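Structure record follows, encoded as structure tokens.
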Amino acid sequence: MANPANPFTDFSKLLEQYKLPGVDMSSVIEARRKDIEAIAEANKVAYEGMQALVQKQTEILSKTMQEIQAAATQMSAGGNPAEAMAKQGEFVQQGLQQAFNNMRELAEMAQKSQAEALAVITKRAEQNIEEAKNLLKGKGK
């Protein structure tokens, strides 16, 4: 699979044509390249987190359907009606507890994924601030 053309290269060539006094265009271009890389990395982390959530939801659904099928088979086996009602109540209680556990786990996964993506962007923002400070120090000399 061939790599698609890098649109940033075209943008870099365009900016390099213009010479502004006191502005290091290569530094500006490099900083924007790093910004785009950080956004791409954050998107990758977010996408991987979303894939993990979908996979976990699929696992939960599959397991739940198997449990429902097993419970339905067990309850339809006949027997004492009072016993069947007790089993049904127990099944509902276990199902609700499992649903709450699943929701908590999915929420934790989503929170972790979002925190990781935000960390990538935050790191780049901090680097931008440092780069701006260094640029301003250089102009003051």
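A residue that is modelled with pLDDT under 75, loosely packed, with under 10 Cβ neighbours inside 10 Å and not in a helix (DSSP H, G or I) occurs somewhere in the range 78-85. For the range 126-141, a residue qualifies if it is exposed (fewer than 12 other Cβ atoms within 10 Å of the Cβ) and at pLDDT 90 or above, and the qualifying residues are 126, 129, 130. I'm trying to understand the selection: among the residues of the range 52-74, which are closer than 18 Å to residue 96 by Cα and either modelled with pLDDT under 80 or among the small types (Gly, Ala, Ser) (or both)? Selection gives 62, 70, 71, 72.
In contact (Cβ under 8 Å) with a residue 24 or more places away in the chain, closer than 16 Å to residue 110 by Cβ and assigned to a helix (DSSP H, G or I) - does that describe any residue in the range 59-67?
So the first thing to find is which residues in the range 59-67 are in contact (Cβ under 8 Å) with a residue 24 or more places away in the chain, and the list is 60, 64, 67.
From what is left, the residues that are closer than 16 Å to residue 110 by Cβ are 60.
Imposing the further condition that a residue be assigned to a helix (DSSP H, G or I) reduces the set to 60.
Scanning the range 59-67, I find at least one residue that is in contact (Cβ under 8 Å) with a residue 24 or more places away in the chain, closer than 16 Å to residue 110 by Cβ and assigned to a helix (DSSP H, G or I), so the answer is yes.
Just one of the numbered conditions (1) in contact with a helix residue (DSSP H, G or I) (Cβ under 9 Å, 6 or more places away or on another chain); (2) modelled with pLDDT under 80; (3) of a type in the set (A, V, I, L, M) is not true of residue 14: (1).
In the range 86-125, which residues are of a type in the set (Val, Ile, Thr) and either surrounded by fewer than 14 Cβ atoms within 10 Å (Cβ to Cβ) or out of contact with any Asp or Glu (no Cβ under 7 Å at 6 or more places or on another chain) (or both)? Give the derivation first.
Pass one, the range 86-125, residues of a type in the set (Val, Ile, Thr): 92, 120-122.
Passing the criteria: 92, 121, 122.
Residues of the range 32-43 include none that is exposed (fewer than 10 other Cβ atoms within 10 Å of the Cβ) and either at pLDDT 85 or above or not hydrophobic (A, V, I, L, M, F, W, C) (or both).
Scan the range 106-138 residue by residue and report those that are farther than 21 Å from residue 44 by Cβ and of a type in the set (A, V, I, L, M). Across the range 106-138, the qualifying residues are 107, 129, 132, 135, 136.
The values are calculated or read from the model by the stated rules, or taken from the named source; none is laboratory data. For clarity, every value in this text was computed on a predicted model and none was experimentally measured. Positions of Cβ are generated from backbone atoms using ideal geometry, with glycine treated the same way; all protein chains shown enter the neighbour counts.
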